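Q: Sharing a structure below in structure tokens format, with a few things to ask.
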Amino acid sequence: MLPTLEAVRPIELAEIRDARARIAGTINRTPLLRLELGPDYPDIRLKLENLQPINAYKLRGAANAVAMLPEAERKRGVWTISAGNAGQGVAFAARKAGVPCTVVVIETAPTAKIERMRALGAKLIPVPYEVAWKALDDRAYPGAEGTFVHPFDDHNFIAGHATMGLEILEDAPDTAAVIAGIGGGGLIAGVGSAIKALKPEVKVWGVEPETAAPAALSFRMGSPQVFKDWQASFVDGAGGQSVFPRMWERMRPLVDGFLVVSLEETKRAMRMMAEKARVIAEGAGAMPLAAALTSKTGRGPIVAIVSGGNIDLKKFCELIASVEV
């Protein structure tokens with residue numbers, strides 16, 4: 001029997017500020033770095049979430065969600081479903097709370113992410129991507145015990161991500177646009193909630209890889225869609241096979257537009273960050289820069305969210321060596 005879910009509701013500014021205080025001792029307040037590219041390029045700033053303790057933004061949501069579980073539910077332990085970053089976030093928060101954690105992990109997740117989850121004490125259950133995506137919808141998987149923490153369709157998880165929006169506008173009050181990668185939609189729903197509450201004129205853009213772009217398709221069609229041409233790629237932390245209707249309901253009022261970038265553009269952005277700013281970004285973390293470089297989001301200031309840097313270094317070197325900036 002599937003659990004009864006609370007209705008989707010907006011995330012209030014007071015909830016975001018409470019989340020910020022709640023997770024302050026767990027997360028890093030990450031820097032906003034201006035990318036010096038010269039006058040021919042837009043004014044782009046990088047929000048460096050790759051500098052979180054787990055090298056990804058998911059710690060914000062996980063720390064808030066786990067902290068807000070009732071004591072009895074938290075004591076049972078927690079489990080989640082992940083390609084790696086959410087799993088690390090929930091495992092980190094669970095370890096801090098002193099409770100066990102299980103991750104139903106997509107079997108093609110990078111070795112770096114798998115090793116980090118194990119190091120954080122998580123029990124791993126590897127499954128194919130399609131099985132994981134179905135389990136996300138079912139919110140259940142055989143052998144996964146404890147309280148389920150959804151890696152994106154969870155109000156408290158999203159409120160944790162929203163704390164990033166507060167930091168962005170404090171550090172760059174002149175921001176004209178913010179670009180975030182979309183996987184399940186939790187990141188953009190959170191950041192968009194904070195940005196639109198404080199400065200509704202700031203544009204919020206989502207970006208997906210060409211191989212997995214259901215949100216852009218949904219935006220075009222006006223309703224949540226399945227992306228039938230889905231393909232696995234090195235951009236494992238973004239893109240999906242479909243948009244969940246509840247996440248569409250969360251994103252639709254907050255997002256001004258959805259962009260799609262090629263894998264080549266993403267690799268080029270990875271290389272540019274490495275060369276210009278000495279920043280290591282995984283594919284999902286580089287997509288917002290790739291989108292900003294298309295000039296479709298204006299001249300800026302544009303904040304590109306570098307959502308994570310969890311990529312095997314050998315793979316990273318192979319990818320950036322195959323393109324020229």
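Q: In debye, nearest 20: dipole of the chain around its Cα centre with unit charges on the Cβ of K, R (+) and D, E (-)? Show your work: numbers first, answer last.
A: Working: 38 positive and 36 negative charges, 118 e Å.
For the chain, the charge dipole is close to 560 debye.
Q: Distance check, please: which entries in 134/315; 96/276; 267/296 exceed 25 angstrom between their Cα atoms? Walk me through the numbers before you get to the answer.
A: Working: 134/315 28 Å; 96/276 36 Å; 267/296 19 Å.
Listed pairs above 25 Å: 134/315; 96/276.
Q: Per residue, how big is the convex hull around the C-alpha atoms of the range 1-134? Give it to me in cubic angstrom, could you? Don't skip to the answer; put the middle values down first.
A: Numbers: hull volume 23.1 nm³, N = 134.
Enclosed volume per residue, from the Cα hull, is 172 Å³.
Q: Sticking with this structure for a sec: What are the ³J(HN,Hα) couplings of the range 189-196, residue after residue, when phi is run through the Karplus curve with 6.51, -1.76, 1.60 and θ = phi - 60°? Round to Hz, x for glycine and proline.
A: 5, x, 4, x, 4, 5, 4, 5
Q: Roughly how many Å is it from the Cα centre of the range 291-320 to that of the range 69-114, as a whole number?
A: Distance between centres, Cα-based: 26 Å.
Q: Same structure, new question: Residues with amide H under 5 Å of residue 148's amide H, sequence separation 5 or more or different chain, H placed in the peptide plane at 1.01 Å from N; which?
A: Here 79 satisfy the definition.
Q: Consider all pairwise Cα distances in the chain and report the whole-number % of them above 34 Å. Mind dumping the intermediate values first?
A: Working: 7428 of 52650 pairs.
For the chain, the share of Cα pairs beyond 34 Å comes to 14 percent.
Q: Something else now. Over the alpha-carbon set of the range 56-99, work out the extent along each principal axis and list the three values in angstrom, largest first.
A: 27, 16, 14
Q: Compare the peptides 56-62, 218-224, 290-296, 75-81 by average per-residue count of other Cβ atoms within 10 angstrom and give them in order, highest first. Write out the running numbers ahead of the final one.
A: Values: 56-62: 31.9, 218-224: 14.4, 290-296: 20.7, 75-81: 22.4.
Result, highest mean first: 56-62, 75-81, 290-296, 218-224.
Q: Work out from phi, with θ = phi - 60° and the Karplus expression 6.51 cos²θ - 1.76 cosθ + 1.60, the ³J(HN,Hα) of each residue of the range 87-104, listed in order in whole Hz, and give x for Gly and Pro.
A: x, 5, x, 5, 5, 4, 5, 5, 4, 5, 7, x, 10, x, 9, 10, 10, 7
Q: Over the alpha carbons of the range 70-201, what is the largest minus smallest coordinate on each principal axis, giving the biggest first in Å?
A: 48, 32, 27
Q: Place +1 on the Cβ of every Lys and Arg and -1 on the Cβ of every Asp and Glu in the chain, take the dipole about the Cα centre, and give the residue among 59, 77, 239 whose Cα lies farthest towards its positive end.
A: 77
Q: Is it possible to state the helix-based mean residue ellipticity at 222 nm for the chain, with each DSSP H run of 4+ residues giving -39500 (n - 2.57), the sum divided by total residues, to the nearest 500 deg cm²/dmol? What is it?
A: Working: 13 runs with 137 residues, N = 325.
After summing the helix terms and dividing by residue count, I get -12500 deg cm²/dmol.
Q: May I ask you to list the GluC sites (Glu not before Pro) in the range 251-289 that are in a DSSP loop and have at most 14 other Cβ atoms within 10 Å of their Cβ? Let's see the in-between values first.
A: Numbers: sites: 264, 265, 275, 282; in loops: 282.
Here no loop site has a sparse enough neighbourhood.
Q: I would also like to ask the following. Which value, in Å², gives the accessible area per residue of the chain when a 1.4 Å probe is used on the protein heavy atoms? Mind showing how you got there, number by number?
A: Working: 13220 Å² over 325 residues.
The answer is 41 Å² per residue.
The values are calculated or read from the model by the stated rules, or taken from the named source; none is laboratory data. Remember, predicted model here, so these are calculated numbers, not experimental data. Using ideal geometry, Cβ is built from the backbone for each residue, glycine included, and neighbour counts are taken over all protein chains shown. Areas reflect the complete protein model, heavy atoms only, side chains present, ligands, DNA and RNA absent. Shrake-Rupley method; radii C 1.70, N 1.55, O 1.52, S 1.80 Å.
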